[in-house]
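The values are calculated or read from the model by the stated rules, or taken from the named source; none is laboratory data. Everything numeric here is computed off the predicted structure, so don't read it as measured data. Positions of Cβ are generated from backbone atoms using ideal geometry, with glycine treated the same way; all protein chains shown enter the neighbour counts. Ligands, DNA and RNA are excluded from the accessible area calculation, which covers all protein heavy atoms including side chains. Shrake-Rupley method; radii C 1.70, N 1.55, O 1.52, S 1.80 Å.
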Amino acid sequence: MREIGSGRQTGAAFLWWLVGLVAIAGLAAAVWIWAMFSWSYSNGERAGWVQKLSRKGYLCKTWEGEMAMVSLPGSVPEKFFFTVWNDETAAKINAAMGRRVSLYYEEHILLPTSCFGETRHFVKSIKIIEGGEQPLEIPGEARVPGRGEPARLPRLGTSGTPGREPQ
């Protein structure tokens, strides 16, 4: 014989079981995110010229940037995309825009969403490289002027080579 109200207790037990399952899943997700932020897959430094730094995101605002790294004069620069969480570090990077810098970063993998940043590379600090006001000069190319210096383009001779006139 079935008791009156026994269906309610089964429903309440199922509800508590469901609440417990959601709580365990939330706790597991929190532990996973904490572990991924506490442990870095790799870390290091990259040097180059910061080209862009902007604050992005609708809900989770992060600083996203891009740095051009040139290994040899005349080679195509490689771009390094990075994320900055600390506003103080972002202000230092903004102040050093256009100068050669070295960025110390940590790479965190397996983060669940892009809310933590658009890249896996999180910049922790910046060093300005002395004497790094501009990229190395490439023969025949316009060089990047320093601060307050007017841009000067190479003069083309009739031969089409910068600065050379036909003999």
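I'd like to check something: does the range 20-40 contain any residue that is within 13 Å of Tyr105 (Cβ to Cβ) and open to solvent by 40 Å² or more (accessible area, probe 1.4 Å)?
Looking for residues that are within 13 Å of Tyr105 (Cβ to Cβ) and open to solvent by 40 Å² or more (accessible area, probe 1.4 Å), one finds none in the range 20-40, hence no.
Looking at the range 100-131 only, could you name the residues that are on the phi < 0 side of the Ramachandran plot and surrounded by 17 or more Cβ atoms within 10 Å (Cβ to Cβ)?
Arg100, Val101, Leu103, Tyr105, His108, Phe116, Thr119, Arg120, His121, Phe122, Val123, Ile126
Restricting to the range 80-99, count the residues that are in contact with a helix residue (DSSP H, G or I) (Cβ under 7 Å, 6 or more places away or on another chain) and open to solvent by 60 Å² or more (accessible area, probe 1.4 Å).
The total comes to 0.
Collect the residues in the range 47-81 that are aliphatic (A, V, I, L, M), touching a strand residue (DSSP E or B) at 6+ places or on another chain (Cβ under 8 Å) and in a loop (DSSP other than H, G, I, E, B), keeping them in residue-number order.
Scanning the range 47-81 gives a single hit, Val70.
Do we find a residue being touching a helix residue (DSSP H, G or I) at 6+ places or on another chain (Cβ under 6 Å), in a loop (DSSP other than H, G, I, E, B) and modelled with pLDDT of 65 or more anywhere in the range 101-110?
Yes - at least one qualifying residue is present in the range 101-110.
What's the number of the condition Ile93 fails, among (1) of a type in the set (Val, Ile, Thr); (2) under 15 Å from Ser125 (Cβ atoms); (3) not in a helix (DSSP H, G or I)?
Among (1) of a type in the set (Val, Ile, Thr); (2) under 15 Å from Ser125 (Cβ atoms); (3) not in a helix (DSSP H, G or I), the lone unmet condition for Ile93 is (3).
Within the range 1-44, work out how many residues are in contact with a strand residue (DSSP E or B) (Cβ under 7 Å, 6 or more places away or on another chain) and modelled with pLDDT of 85 or more.
Looking only at that region, the number is 4.
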